[in-house]
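Just below is one structure, and these are the notes that go with it.
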Amino acid sequence: MFNNPTSTNPFRVGLGSRTVPEPCSIVIFGASGDLTRRKLIPALYNLSASGNLPPGVRVIGFARRDKTTEQFRSEMEEATRTFSRRSVDDKLWANFASNVYYFRGDFHIRQSYIDLDRYLSELETSQGFPPRRLFYLSASPDEFPCILNNLRETGLNKIHESNWPRIVLEKPFGNDLASARKLNELVLEVFRESQTFRIDHYLGKETAQNILVLRFANKIFESVWNANYIDHVQISACESLGIGGRAGYYDKAGALRDMVQNHLLQFVCLTAMEPPSDLSPDSIRDEKVKVLRALRPIVGNDVALYTVRAQYTAGRVEGQPVFGYRQETGIPTDSSTETYTALRLDIDNWRWSGVPFFLRTGKRLPKNATEIAIHFKAVPPVLFRSSALDLEENVLVIRIQPDEGASLRIAVKRPGPTVTIEPVKMDFHYRTSFGSVSPDAYERLLLDVMANDSTLFARRDEVEEAWRFVDGIRNAWDQGICKLLFYSAGSWGPEEADRLIAKHGTFWRRL
Amino acid sequence: MQELFSPPGIQVEPSQIEISLNRMWEGEGENRAKACLLNLVAFTENLDLLDKYVNLFNKVQTEFACRAILAIAQRNSQQDQIRAWISANCHIENNFGSEEAHRQICSEQIILHFEGETVDGWENFVFAHLDSDLPLVLLWLEDFPHELNPNLWRYVDRLVFDSSKWTQPGASFFSLGPIINSRLQDLYGCMRRRTHLCDLNWTRLLPYRFAFASLFDSEAAQAEIPSFRYLEIHHSPQHSLAAKLFAGWIALRIQCQPHPDSNWKALVTRSGRELQLVFVEKDGPILSSCELVSESASFRLTKKDKDGHFELCAKGSEILIPDYVQPFFPEEDEEVLLRELARRGYHPLYLQTMDLIRNFI
């Protein structure tokens, strides 16, 4: 185990409840990209401005374009002023920017990495900090093998005494099980699993983290969190946006790979997992993997029964006319990529036997809403016979975004001489109960990487198990087992999705 | 005096407080959710502080959804009566103009005026009007009376006070003595009691402690700790107690304690080695500088008046880190109270520091 100097600092003892990140060099491969401007640098600045970065954290942008450190700092300042969740303080920016550098290099040229090593060493030596390096791969996944190989061949992956390298990978982690395995094998030839952090930014959101707290810190929920009491679960991730500037990536990926394989299956895991024995990263991830392994495979002809795939056509979203998917810039006019998918999942274990999980995600839907809804079983229709048909079951909803919070639907008697039962909602909103604006998910995740806490990151077996499940569906789709449907932009998806859930005697929640 | 006493809100019969508050929320739009995280109760016998407390509540309630109750006692009144004023407010804030960043905090305020003999039962009346099952924070910003009602601690989850405002720190600490002792017993594992002690004077020092701690994040800096020999703290004349708390915290962290005979002029390590301790009164921020010096290095935190940052400087042959700045956070009472409320009130370091220094105050 490495010696973390912030953890041995006696003045840090008792000051905060979380591990303080270690001084290190953060090298961003792909520093010219959108992610660096919009998310990474603003997140690092916010960490610095809130006093959460220790002195000695340096940020090095690695990219091919010819520019100076001063130009890079200036670009990043402009980006941070645009995208930061808090206003930029000139003096704090100057302090942060004095530790931001630009290194011109080519992913494909080995000498660039040798020069990078020398450059980092000079920076570290000049400030008296050992070479602890965090390599953030914010480049196209096609470049990952090249970057990883060069890191290995130039020894930048080597561990010396108390020094460490770590690697952060942005999704997608492959595009099927085979490519994910190949990528993981390559990553693990270069870095250990304990040094590898696969980012799923949904897991950095407060409400995603709150799922475990809600489940395991409240006796009332966990005791009914099983097939005895729960009828089904609905997980929705709906977007009104189209594909933006991601046509090239999205048309190869589609909704199944872009959303289900990672974000939605992570939500399934957090909702369905058994209580971990402790809150250590591996205890939590062990339980999540067990859920993935218990997913009943959907393969062959079952795919037509349990999945729906569709693509949006022209329509109106929020009153504005929008193109159909095939008319979007960069999309082939005969593309068969799905922009919507709905699935029924079954988890074959004791807790969830007979409880279907319905998942849906899509683009160009009427609104943005990501949430998990736990639908409890109805009470026996004995006491309130005359009202029984109208009795609505309890529903616990965990809203991931926007309007983060949770609500519980309960039945109450309407005042009056007759027993008329009405559903009412007990609603908790983060924004009305807690004043402070939640930090961006990247702030939390970057802090965790620097502090070597991998709880909110996907482990190799999680990623591969998720791909194993998704591949079965994908392969059947590719064989034409489930035909591509169409829905108008601005609608809630194809009718077949309604029929999918109607077979269970229910319907999609109105979001 | 009574003509001058005009709290904000609607005056209601004391027996109608809950009904009237509920009526205020009825008919509100769907987007206005009443939320409540805690009960915030303040007690004072100084009528002149009405505006101060109301302003404090208003500020807190822009950030923190709570039921705030101000109990004002007037023992020398000719009448024996309780009067009540209520209000319910929603504070809307829209950061960056985006809908997602839009926040709306909705809270309630109750002001109670106890006159004459009703003052003696103020706790029972106030505690009957709490939002049930939520924590009770008792805010006490003046000196403590010689004897505190021991029954108070059966209900109070957090006692928030500000030792920087005390006119007689020794006497107030003496009043708090039993509860400090009981909390220390909790801390050392003897038992679990309800009331947490939250000294805003200590909370105000938190940014100073964070910034100062960052000076020791490298192995080279930590290597200097065993050879410290000098500590100098510059503080404003009104904040000598804060300076002692800060010195006590440093002593605790480097395993020293105030020298028993030195009258705050030296710390002594477990092995008997002495560190010279110098306090310098200087107008300006609470602490304008703190410098810790070892045989071969020095570590200094500087805070210039009205500057929004700490400047930090570590010098030594093995220490190469350039000077840097760390963020400073506002020190106004409202801001500090908000920070304290967000920290949930458990302060073992404060108790340990108090245990170390209270005999020297």
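Worth pointing out:
- Each residue in region A:98-132 was checked for being of a type outside the set (Val, Ile, Thr) and within 19 Å of A:Glu22 (Cβ to Cβ), and 13 pass.
- Flag if B:Leu205 is at pLDDT 85 or above, buried (at least 18 other Cβ atoms within 10 Å of the Cβ) and within 14 Å of chain A (Cβ to nearest Cβ): yes
- Residue in region A:53-70 that is in a helix (DSSP H, G or I), away from chain B (no Cβ under 14 Å), surrounded by fewer than 22 Cβ atoms within 10 Å (Cβ to Cβ) and over 24 Å from the mean Cα position of the chain (by Cα) present: yes
- Within region A:112-131, residues that are free of Cβ contacts under 8 Å to residues at least 24 places away in the same chain have Cβ atoms under 8 Å from residues that are crowded, with 18+ Cβ neighbours inside 10 Å and in a helix (DSSP H, G or I) in these pairs: A:Gly128/B:Ala220, counting only partners at least 6 apart in sequence or on another chain.
- Any hit, region A:406-429, residues being closer than 30 Å to A:Ile243 by Cβ and either assigned to a strand (DSSP E or B) or of a type outside the set (Asp, Glu) (or both): no
- Residues (over 16 Å from B:Leu245 (Cα atoms), of a type in the set (Val, Ile, Thr) and either outside the structural domain of B:Gly248 (by TED's automatic domain parsing) or crowded, with 18+ Cβ neighbours inside 10 Å (or both)) located in region B:269-305: B:Val293, B:Thr302
- Selection over region B:319-361 of residues that are away from chain A (no Cβ under 12 Å), under 30 Å from B:Asp261 (Cβ atoms) and assigned to a helix (DSSP H, G or I) gives a count of 7.
Matching residues to (1) within 24 Å of A:Ser25 (Cβ to Cβ); (2) crowded, with 21+ Cβ neighbours inside 10 Å; (3) not basic (Lys, Arg):
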position: A:Tyr113; (1), (2), (3): yes, yes, yes
position: A:Ser126; (1), (2), (3): yes, no, yes
position: A:Lys158; (1), (2), (3): yes, no, no
position: A:Asn218; (1), (2), (3): no, no, yes
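- Here A:Asp282, A:Asp251, A:Asp258 are screened, and the one residue that is in a helix (DSSP H, G or I) and within 30 Å of A:Leu156 (Cα to Cα) is A:Asp282.
- Some residue of region A:450-470 being under 30 Å from A:Gly315 (Cα atoms), of a type in the set (A, V, I, L, M), more than 14 Å from chain B (Cβ to nearest Cβ) and in contact with a helix residue (DSSP H, G or I) (Cβ under 7 Å, 6 or more places away or on another chain): yes
- Test: residue in region B:243-259 that is out of contact with any Leu (no Cβ under 9 Å at 6 or more places or on another chain) and farther than 25 Å from B:Pro348 by Cα: no
- Residues (within 21 Å of A:Gly51 (Cα to Cα) and surrounded by fewer than 24 Cβ atoms within 10 Å (Cβ to Cβ)) located in region B:222-249: B:Gln222
- Identity of the residue in region A:234-255, in contact with a helix residue (DSSP H, G or I) (Cβ under 6 Å, 6 or more places away or on another chain) and modelled with pLDDT of 90 or more, that ends up surrounded by the fewest Cβ atoms within 10 Å (Cβ to Cβ): A:Ala237
- Filter result (in a helix (DSSP H, G or I) and either more than 14 Å from A:Asp106 (Cα to Cα) or at pLDDT below 85 (or both)) within region A:143-164: A:Arg152, A:Glu153
- Candidates are the residues of region B:281-309 that are in a strand (DSSP E or B) and touching a Gly at 6+ places or on another chain (Cβ under 9 Å); the one that is nearest to the other protein chains (Cβ to nearest Cβ) is B:Phe299.
- When residues of region A:451-476 are limited to those that are polar (S, T, N, Q) and outside any helix (DSSP H, G or I), the one farthest from A:Pro172 (Cα to Cα): A:Asn452
- Flag for A:Glu77 being away from chain B (no Cβ under 13 Å), crowded, with 19+ Cβ neighbours inside 10 Å and of a type in the set (Asp, Glu): yes
- Residue that is closer than 30 Å to A:Asp278 by Cβ and surrounded by fewer than 21 Cβ atoms within 10 Å (Cβ to Cβ), where the choices are A:Arg444, A:Arg468: A:Arg468
- So A:Arg12, is it within 11 Å of chain B (Cβ to nearest Cβ) and charged (D, E, K, R): yes
- Scanning region B:214-224 for residues that are within 32 Å of the chain's Cα centre (by Cα) and more than 7 Å from chain A (Cβ to nearest Cβ) yields B:Leu215, B:Ala221.
- Residue in region B:82-97 that is modelled with pLDDT under 90 and part of a loop (DSSP other than H, G, I, E, B) present: no
- Test: residue in region A:16-35 that is among the β-branched types (Val, Ile, Thr), more than 10 Å from chain B (Cβ to nearest Cβ) and without any contact (Cβ under 8 Å) to a residue 60 or more places away in the chain: no
- Filtered residues of region A:406-449 (kept if under 27 Å from A:Leu35 (Cα atoms) and within 12 Å of chain B (Cβ to nearest Cβ)): A:Tyr430, A:Arg431, A:Ser436, A:Val437, A:Ser438, A:Asp440
- Candidate set from region A:86-126 (those that are within 13 Å of chain B (Cβ to nearest Cβ) and part of a loop (DSSP other than H, G, I, E, B)); member that is modelled with the lowest pLDDT: A:Arg86
- Screening A:Phe357 against (1) under 27 Å from the mean Cα position of the chain (by Cα); (2) surrounded by fewer than 17 Cβ atoms within 10 Å (Cβ to Cβ) leaves a single unmet condition, (2).
The values are calculated or read from the model by the stated rules, or taken from the named source; none is laboratory data. From a predicted model like this one, the values you see are computed outputs, not experimental measurements. In this analysis, Cβ positions are derived from the backbone assuming ideal geometry, glycine residues included, and neighbour counts consider all displayed protein chains.
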